[in-house]
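The values are calculated or read from the model by the stated rules, or taken from the named source; none is laboratory data. If you're wondering where the values come from, they're calculated on a predicted model, not measured in any experiment. Quick reminder, even Gly has a Cβ in these numbers, built from the backbone with ideal geometry, and neighbours come from all protein chains shown.
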Amino acid sequence: MLRTRVVTALVALPLLAVAIIHEYHPVFAGVVVGASAAAAYEFFQMALPAHGGARRVGVALAILVAVGMAAQRSEFWGPAIACTVVIGLLFTLFDAEGMAPAVTRAGFLVLGVLYAGFLLAHLVLLKRESSGPSWVFFTIVCAMASDTGGYFTGRFFGRTPLVPHVSPKKTVEGAVGALGSAVLGAAVFRFFFFRRLGMVEACLLGGAVSVLAQLGDLTESMFKRAFGAKDSGWIIPGHGGILDRVDSLVFPAVFVYYYTLLAYG
């Protein structure tokens, strides 16, 4: 399993790097929108397994939101979010299975569209900012360092459960290792590639990304436990589904984007 994960990463990461570096924004936007579409499909497969119509509507709306966000066209993503709420409520009115479960499914529809379509698309907005590719790389490096450091620290030193009712294998020791690894990754990346940041600022941001990445990972674990799924999907060999890979990027992407607006906008 570990070998498969490494091989997949060696193939996927260079392609992702090319998309980030490429000056033609639609290249990276296409990658993110594609990831949003796959993430939405996986989410609704877990959340609404017996409601094909709602799944298809949810995926379509998530794609429209992601495209609108990537193009920075509020006239696309704004109405799409509004339609998500309205359609979810209309499904509830005409659902014969009972009002309580119908309202729950409407909530799943809104949650899936916002999570997969709206939040993840902030990566595209981040790339469009000044020094955007560097910010995207910084976010990904910190999140990956957090994931990797947390995995190995937890595997070899993990003893104390972190949130056992959500993810029994996550440990406090792993969380601390993830935080330290992200800070180290941020410092190294800043030293070699991103001198625009001060070292203290880079380390603090790396720590914040790690905390958010871990919360995102726990959130996706919560989804899987709530919906009774082991993995969100199978599309990436050795890694599960798209949701299993982007869960640690969703929250950091939003945070880093708005941080850049406030601090450097």
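Things to note:
- Flag for R155 being modelled with pLDDT of 90 or more, farther than 22 Å from L119 by Cα and part of a helix (DSSP H, G or I): yes
- Which numbered condition L205 misses (of (1) surrounded by fewer than 23 Cβ atoms within 10 Å (Cβ to Cβ); (2) over 16 Å from G150 (Cα atoms); (3) aliphatic (A, V, I, L, M)): (1)
- Pairs linking a residue in the stretch 168-192 that is without any contact (Cβ under 8 Å) to a residue 12 or more places away in the chain and in the same structural domain as Q214 (by TED's automatic domain parsing) to a residue that is assigned to a helix (DSSP H, G or I) and surrounded by fewer than 19 Cβ atoms within 10 Å (Cβ to Cβ), with Cβ atoms under 9 Å and 6 or more positions apart or on different chains, are F191/M199.
- Residue match in the stretch 107-120 (condition: farther than 28 Å from L179 by Cβ, under 11 Å from the mean Cα position of the chain (by Cα) and not hydrophobic (A, V, I, L, M, F, W, C)): yes
- The set of residues in the stretch 49-69 that are crowded, with 21+ Cβ neighbours inside 10 Å and touching a Lys or Arg at 6+ places or on another chain (Cβ under 9 Å) comprises A54, V67.
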